[in-house]
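One structure is given below, encoded as structure tokens.
The values are calculated or read from the model by the stated rules, or taken from the named source; none is laboratory data. Owing to the predicted nature of the structure, the values given are computational and were not obtained by experimental measurement. We place every Cβ from the backbone using ideal geometry, glycine too, and count neighbours over all the protein chains shown. The protein model used for the area step is the full one, side chains on, heavy atoms only, and it has no ligands, DNA or RNA in it. Shrake-Rupley method; radii C 1.70, N 1.55, O 1.52, S 1.80 Å.
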Amino acid sequence: MEEEYTGHMKSIQAFLQSPAKEEAEKVEFLRAVSSLCRAPRDQGFLEKLKEFCEQYEVVENIKALVEDEPMEHLDTAVRQQAMLTLAQMSNVEMLLRSEKESLLNSCFRKVFFLPPITTRQGQDSFLYSKTLDAMDILLESFVLSSPGSRAVWRILQMLLPFTDIKHATVCERAVARIGKLADLMASSSSVQIWNLLGHDDSSSHHGIIGDRFLGQLLGCLIVCSTSKIWNIQKEAWDALQHLFGFIQQKKRTTSPEDDAEHPQGGGKRKAGKPSLLSVSSTRSIAQAFGEYLHPQDKTVIVLRAIGAMTDSCVCDKEELISILNVAMTEPASWLTEVPMVSSSIWKYLPDISGASARRSLNLLLLSMVEQNPREMILSLMAISPACDRVALAMWEELLSQPLILEKVLRELSSNLQQQQSPSTFRSHTVEACIQLLTLLASSDVTPEEFAGVYNTGSFPWCQRAGPFSLTLTGLFTLSQSPDTARKILVLLPELREALWSANTAIRMKALLIFRNVVGHLKKASSTALQLAEELLPLFDDVSRQVRELSICLFKEIVQMADWKHKQQMRKKVRKSLVPLVLHTSDEIESVAKASYEALCVAAKVLKWKQLSHRMRVLERERTVECLLEHDRSRAEEYVFQILPYLQHAQVTVRTAALRFIGLAGKHLENSSKDTLQEIYEALYNSSKDEESEVSSLAVQTMDMLRISWTRPRPRWTLWALCCCL
């Protein structure tokens, strides 16, 4: 027998000294090493074997063989034999020493990144299966030869980087290995569960939450269980089953405390739980494991779920959302690490699409504010001191919720007083805005007291888009309350300036604030009456929302005018008639509907019964005729109001403008030469419109006007041109 082992050593030595190494020779070398490791282990032989392996660097050479294997080929026996050999070597005490981790990493890289097996058959498929079997044998051998929780933790930790769900084949192979290790753990009594769960320092280095081992492992597997690829989903589910059974089994048999309120569980557990997971929903999985986890591990699972939301093409987003829903039902144990969660939301929010996912993240923010407002506010300030676009969106969400706005303002005011706020919040104007909102939110401050403080104090409005937008969001939220809306009345003159902002979002917020305030009034104030005229240019805003809301708000103000202001209001209403008539042809149905309703109110205020009737029966052209009949003297004024609409972005509005001019033509017979010349020039320009419908109608309108205007104009240059058309 000794001669046989000596022969193996000589063949190993000869192989290592040979410059050229064929695949068959590599396999024979590895088998020779395996045979030596299976030899009877008397002390003398072990010492000799260790000395021989160190002298000829056997371990290093095996690692080199693994790393030299081609990544594109499945049909190689060297990988398989190398792992079987390493498994045998692991059974020899101290033979692999500290090389285990680097050897495993080399094996993982060379096996997990092999091409998919789906299209390969025959010998390739056979060797591929054998290679994976050899890896499982290697992992089992490494675990059983070092049964402490530290060894298991390190191997599982090494597998986690390979579970990136975007690399399907690699992920499936790595998750399958995790599942087999979990199965081995469940069937072995050598691993101490409380060490594995983070009861000692092995799973959390210096309290860093990102190093929470069990949270990382379960977070990874739960995310993989939401994969849209069935094989990954199945492997992750199997691994979770084994881990859950393992945790329950070890809890029953080795827990130092059987108390249901043991802190390791993160809270009370309900009686009568099954020994294994009996449901397949992601929500149920998170709930089941959550009863056994430390709060920091739960936070890591939440962080994994948020990060995975950016991969909606490979993960089921609704299943990921269900994990966040679990966290929100028990925020006291799932959302204790507020800075980590809010930072994760800030990091991934720009890459997360879909209304449901973003809504879920917003609810998560609100849940953390409810749970711990001070920590949430401080963490958001720390994340983005300059208040970038993403942080601004997060602040907007916090300030838009009536139930938590007062908490947020209270914390902001407190931080300002304690000099804890970053530079963005430490400016005079921003502080003034926060103070202003805080006074408005306080139920102890009456409208009269607020007006007195505002009129005598110094409250400069911040003109920077970000802080100003946040101020308007807070004002909009507060304006939903009747009591607070009455306080905001004193701010309306300054807020009217926001209507002319170049920022559409700011214009929209200002309109929403005005609508809320006006909606709480019994009659229109003098400020509201002034606002009515300032709304007219917004009827033509590029934003459909601004157009619609400005028209609706105008209608509400007109309806509220009392008898003292009727005459003044009629003047404003007359200015609105042309834009409203034209926008009944708006391409956006809701804008057209709002314009129609506003016209009905206008007809009632003007006491034009015939116009009101025409509006009710939806006779658009007869409506224009009726309008012109009521105000013949204003026909020229109306036409000049219309001319800019010939360049409007919408075809429907341009055609409506042309029809209006055509109907108004017969009322312009006595207009001056210059007036008619200007109208013809505008129509001539429209005749060159890219839209054939518009250009054709412009030519027809010019012909109609030429016929209706009987007085000759021989000196007009455009008249002759018109006749030639």
Worksheet, complete the sentence: Row for the range 426-578, column shape: gyration tensor on C-alpha, a ≥ b ≥ c, rounded if a/c < 1.5 i.e. under 1.5, prolate if a/b over b/c, else oblate; value oblate
Worksheet, complete the sentence: Pseudo-spin-label distance ASP164 to GLU629, built 7 Å along Cα→Cβ, given in nm, is 7.5
Practice prompt. With θ set to phi - 60°, apply the Karplus curve 6.51 cos²θ - 1.76 cosθ + 1.60 along the range 281-296 and write out the HN-Hα couplings as whole Hz, x wherever there is a Gly or Pro.
Written response: 7, 4, 4, 5, 4, 4, 5, 5, 5, x, 6, 10, 9, 5, x, 5
Item to complete: Give me the distance in nm between label points sitting 7 Å out from Cα along the Cα-to-Cβ direction at GLN700 and ILE117, one decimal.
Response: 7.4
Worksheet entry | Computed E for GLU51/MET71 - FRET, C-beta separation, R0 35 angstrom, nearest 0.05 | 0.50
Item to complete: Take each of the peptides 588-597, 230-239, 215-224, average the number of other beta-carbon atoms within 10 Å over its residues, and list them starting from the highest.
Response: 215-224, 230-239, 588-597
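Taking 51 Å as R0, compute the FRET efficiency from the Cβ-Cβ separation of GLU28 and LYS228 and round it to 0.05.
0.70
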Practice prompt. Determine the gain in length on full extension of the stretch GLU318-ALA386; use 0.36 nm per residue of separation and subtract their C-alpha separation, reporting nm with one decimal.
Written response: 21.2 nm
Discussion item. Please list, ordered by chain and number, the residues whose modelled amide H lies under 5 Å from the amide H of CYS315; skip anything fewer than 5 residues away on the same chain.
Written reply: LYS228
Worksheet entry | Projected label distance in nm at SER146 and ALA20, using a 7 Å step from Cα toward the beta-carbon | 3.9
Worksheet item: For the range 468-475, in order, what is each residue's ³J(HN,Hα) by Karplus, 6.51 cos²θ - 1.76 cosθ + 1.60 with θ = phi - 60°, in whole Hz (x at glycine and Pro)?
Response: 5, 5, 5, 4, 5, 4, x, 5
Practice prompt. Return, ordered by residue number, the residues of the range 317-358 whose backbone nitrogen is under 19 Å from a label point located 7 Å along Cα→Cβ of ARG283.
Written response: 317-335, 355-358
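Structure shown: which of LYS317/LYS407; LYS566/LYS593; LYS110/LYS130 lie over 23 Å apart, alpha-carbon to alpha-carbon?
LYS317/LYS407; LYS566/LYS593
Sort 439-445, 83-89 by the packing proxy (mean of other Cβ within 10 Å over each peptide's residues), most packed first. Numbers along the way, then the final one.
Details: 439-445: 16.1, 83-89: 24.9.
Peptide ranking by packing, descending: 83-89, 439-445.
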Practice prompt. Give, as a single signed number, the net charge of other residues whose beta carbon lies under 15 Å from the beta carbon of GLU25, with Lys and Arg counted +1 and Asp and Glu -1.
Written response: -1
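If you roll a 1.4 Å probe over the range 559-600 with all protein chains in place, what percent of the accessible area is carbon or sulfur?
Details: 970 of 1880 Å².
For the range 559-600, the apolar C and S fraction of the accessible surface comes to 52 percent.
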Discussion item. How large a share of the accessible area of the range 339-423, in percent, is made up of carbon and sulfur atoms when the probe is 1.4 Å and the other protein chains stay in place?
Written reply: 53
Worksheet item: Of the accessible area of the range 643-685, with the probe set at 1.4 angstrom, what percent is carbon plus sulfur?
Response: 44
Worksheet, complete the sentence: Taking R0 as 60 Å and r as the Cβ-Cβ distance between GLU587 and GLU101, the FRET efficiency 1/(1 + (r/R0)^6), rounded to the nearest 0.05, comes to 0.35
Worksheet item: For LYS607 and LYS673 in one chain, what is 0.36 nm times their gap in residues minus the Cα-Cα distance, to one decimal in nm?
Response: 20.3 nm
Worksheet entry | Stretch gain in nm, segment SER125-LYS566, where the contour uses 0.36 nm per residue and the Cα spacing is subtracted | 149.9 nm
Discussion item. Just the number please: accessible area per residue for the range 474-523, 1.4 Å probe, all protein chains included, in Å².
Written reply: 41
